[in-house]
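The values are calculated or read from the model by the stated rules, or taken from the named source; none is laboratory data. No experiment lies behind these values; they were computed from the predicted model shown. Every residue, glycine as well, gets a Cβ built from its backbone with ideal geometry; the counts of neighbours run over all protein chains shown. These area figures cover heavy atoms from the full protein model, side chains too; ligands, DNA and RNA do not enter into them. Shrake-Rupley method; radii C 1.70, N 1.55, O 1.52, S 1.80 Å.
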Amino acid sequence: MAGVDDEQGGVKAPSDIAAEAEAAPDLTAAAVEVIPPEILAQSLRQYLRAWFTRVRSGDAGVLPVVAALVAVTIVFQIVSPNHIYLSPGNLVNLFDQSAVFIVLGMGEIFVLLLGEIDLSIGYVAAIGGILAGEFVQPDINWPWWAAIAAALLACAGIGALHGIIITRLRLPSFVVTLAGNLFWFGVMIIILGPAGGVAITSTIQENQKVLSGIVYAYIDPVISWIGLLVIVALLGGSMWLRDTGRRRSGLVAPPVGLTLAKVAFIAVAGIAVVAICNINRGQYLPIIGVPWVVPLVLVVLGVSMVLLEHMQFGRHMYAVGGNPEAARRAGVGVTAIRTWAFVLCSLTAGIAGIIYCSQLGGITTNINGGQYVLYAVAAAVIGGTSLIGGRGRAIHGLLGGLVIGAIYNGLYLLGLQIQWQLIATGLVLLAAVTIDALSRRGATGGSLVRV
Amino acid sequence: MDMTTPEGGPAGGAPGSEGRVLVDPPAGTEPLLRLRGISKHFGAVQALFDVDLDLPAGQVTALCGDNGAGKSVLTKTIAGIHQPDKGEMYWEGRLVHIHSPKDSASLGIETVYQDLALADNLDIVQNMFLGRERLNRLFLNEDSMERAAAETLASLHVTTVRSIRQPVATLSGGQRQAVAVAKAVMWNSKLVMLDEPTAALGVAQTRMVLDLVKRLKDHGLAVMVISHNLNDVFEVADRVAVLHLGRMVAQDRISAFDRESVVDFMTSGRSSRQVATSGSSQGRN
Ligand SMILES: Nc1ncnc2c1ncn2[C@@H]1O[C@H](COP(=O)(O)OP(=O)(O)OP(=O)(O)O)[C@@H](O)[C@H]1O
Ligand SMILES: [Mg+2]
């Protein structure tokens, strides 16, 4: 009989595996168990009521991260010396510091969406920043745009390498990019050479000035107001036209009030940012204007959002993240999508690295890429992106990156050392993951009640 | 390769038995899809063994068989999800090789899978158009897709979903199945395969799917339905094919069967009350 048992064991195993594979997507299923309120609501009032129901059922959306941001702001405003936390100078500084976390987080979201992770982008970002910096040194002196393009191309190539190894050799992204983290750290040290750093602080080299100007050059106030007007008009106008058009032809659309509220929010937020940046924040010489890094971050955000939410490629990314087998059966090129996700992740990280280089005036071997990548994952998760895949938006990188930047900045103002910043960020990350897990559990309970 | 043991290993059928069923296509007509000698194994499991199957246009073929008989594997092989180890497929008389779901879709084959192939995080419209999104230059044409999806759902009388934009994760099992069926019939296909399409459905939705199957047939499509419900089979099928432990043990016009003979074939691979089939395999026991 033993032989028969053995054989049956051998026979059963594959179907067990198949059963497990089929059960797996159900974990993500629970993540979105509650119908989003904007789909069903006919009026703003109904929307708010549905939204409260949803929050109470455990799926709080962006509420926790916004609440965290508000709480952090209030606390630091109260405890910071001379209450300088909310001063224009510090707010601009805070955004400059957050920009690296934000863009790194937005990069990480591309792979988190697929249920993958990239643990190498800290040093990939550093390589991007270093290459851009090296290419504008006097001996090479490429035009700034060529330096940036070449650096980003190199980062994209690194991402492609990761993606190809992961998809072709069928290795877990966790391990491959962990190896990449060490590998690119080493490569970075080699690139920096005996000098151990690259600086872009020259005041005569035009191309270096452009790079450092990403953070330290400011847009003329008049132009920034005009730019804001154009952006709000275009964005608000297109949102309004789309929603009213859909409403008129009987398609699913949010209530009028919600569309208006969104447009109003974009306008108010934009006005606040431009107004704050256009207050003089210099102590001796006047410093006025929106730093270029603000529109740069917004461009990265906008491109990511369009790619993910309005293009076929993004639709397929969500499909692969939600149910890879369903995507494959629908004819989606799952391998290509996964490879491209790593390309986009590293490319975006390269942008973050260039911002970092601009902000610090260069990069040395002291850069802690291993820590930055954890901040990137933290930013995405704090913002609301799920580690399981299938759920995440580019805006999560902005929100989560701001939270991390705010903590970083506030503790710095208090004169607290790096150790407190690490502890605080760790706690916030833990809270974010807990909220994510709770909302999933709560939602599952909700669905059981409903069925 | 033959793992069957005299002691009665799980694969069952008598070693060396000639499992071929001779199929006579209706005179002069080439079936839309003709399978010859399709075999497929997973490790030690021989899921399909030398399977022949004809799917003529304008007819509903019911594929019957016990749990684990290989019905879903056969469906997925035709759909391009599994590659057969050997055997040929002829589409409209032409030898074809289906390597991927894209290949089968481009031939005009649509499939409703038993393990529903929907992405839970996407909404109904996004699922129905997955892989075939309508574009407005570079961008998704959501309006057009939503309208088409709504029309298809309405034509199938799928009225219980609250919003066509709700994530599939928020749907009940039956609603999901309805969406999966709608997804398959939205395209101008020539062959629709439905793997237990009514298993999770209520009375009204089952009615709807059966009516839909008849309508597809009236439109000249070839339809293959897998069902354990013999009432459904005898209501809609023109032809019946029975799999037993991976072998095709009977295949003929429905008039050649009655309920008992189908059950016999399903459970033992043979029937004493043979009606009109020519030659079937003789599974033991
Ligand atoms: N992906 C797979 N890997 C390994 N074995 C598989 C796989 N798919 C199916 N099998 C095996 O092939 C055999 C046939 O399975 P199949 O799913 O086709 O049965 P079925 O006729 O559809 O049964 P049911 O009526 O339960 O749906 C089973 O023994 C099953 O365990
Ligand atoms: Mg099956």
**Item:** Accessible area per residue, Å², chain A with all protein chains present, probe 1.4 Å
**Value:** 46
**Request:** Would you kindly find the accessible area of B:Glu151, with a 1.4 Å probe and non-protein molecules such as ligands, DNA and RNA excluded, rounding to the nearest 10 Å²?
**Result:** 130
**Asked** What spacing in nm lies between the two simple spin-label points modelled at A:Val306 and A:Ala437, each 7 Å away from Cα in the Cβ direction?
**Response** 4.0
**Fill in**
Note: A vs B interface, total accessible area buried (1.4 Å probe; ligands, DNA, RNA excluded), nearest 100 Å², is 3500
**Asked** Taking a 27 Å limit on the Cα-Cα distance, which of the listed pairs B:Lys40/B:Lys214; B:Lys71/B:Lys102; B:Lys76/B:Lys183; B:Lys71/B:Lys214; B:Lys102/B:Lys217 fall beyond it?
**Response** B:Lys40/B:Lys214
**the stretch A:275-361 - Debye-derived log10 I(q)/I(0), Cα point model, q = 0.13, 0.14, 0.16 Å⁻¹** = -0.61, -0.66, -0.76
**Asked** What residues qualify as long-range amide H neighbours of B:Met193, i.e. H under 5 Å apart, gap of 5 or more or another chain, H built at 1.01 Å from N?
**Response** B:Glu110, B:Thr111, B:Val112, B:Met224
**Asked** Over the Cα atoms of the stretch B:117-187, how large are the radius of gyration and the largest Cα-Cα distance (Dmax), in Å?
**Response** 11.3, 36
**Request:** Kindly write out, for the stretch A:252-258 in residue order, the coupling ³J(HN,Hα) from the Karplus curve 6.51 cos²θ - 1.76 cosθ + 1.60 (θ = phi - 60°), rounded to whole Hz, with x marking Gly and Pro.
**Result:** 5, 8, x, x, 3, x, 5
**Item:** 1.4 Å probe, heavy atoms, protein only - residues of the stretch B:87-113 losing at least 30 Å² accessible area vs chain alone
**Value:** B:Pro101, B:Lys102
**Fill in**
For chain A, the dipole about the Cα centre with charges only on Cβ (Lys and Arg +1, Asp and Glu -1), to the nearest 20 debye, works out at 1320
**Complete:** Sorted list, accessible surface of protein heavy atoms, 1.4 Å probe, largest first, for A:Phe185, A:Phe174, B:Phe129 is A:Phe174, A:Phe185, B:Phe129
**Message:** Quick query: amide H of B:Ala62 versus all other amide H atoms, modeled in the peptide plane; which residues come in under 5 Å with a sequence gap of 5 or more or a different chain?
**Reply:** B:Val225, B:Asp238, B:Arg239, B:Val240, B:Ala241
**Along each principal axis, Cα extent of chain A, largest first, Å** = 87, 58, 44
**Message:** Using amide H atoms built in the peptide plane, which far-off residues or other-chain residues are under 5 Å from A:Val290 H to H?
**Reply:** A:Ile219
**Fill in**
Measure of exposure for B:Glu146: accessible area at 1.4 Å probe, Å² rounded to 10, is 0
**Message:** Rounded to the nearest percent, how much of the accessible area of the stretch B:41-162 (1.4 Å probe, protein heavy atoms only) is carbon and sulfur?
**Reply:** 50
**Message:** I need the phi-derived Karplus couplings for the stretch B:119-134: 6.51 cos²θ - 1.76 cosθ + 1.60, θ = phi - 60°, integer Hz, Gly and Pro marked x.
**Reply:** 8, 4, 7, 9, 7, 4, 4, 4, 5, 5, 9, 4, x, 9, 4, 7
**Request:** Just read off the accessible area of A:His162 with the full protein assembly in place, 1.4 Å probe, to the nearest 10 Å².
**Result:** 10
**Complete:** Per-residue accessible area, 1.4 Å probe, largest first, puts A:Arg45, A:Arg246 in the order A:Arg45, A:Arg246
**Item:** Computed label-point distance, nm, for sites A:Trp142 and A:Trp240 using a 7 Å Cα→Cβ extension
**Value:** 4.4
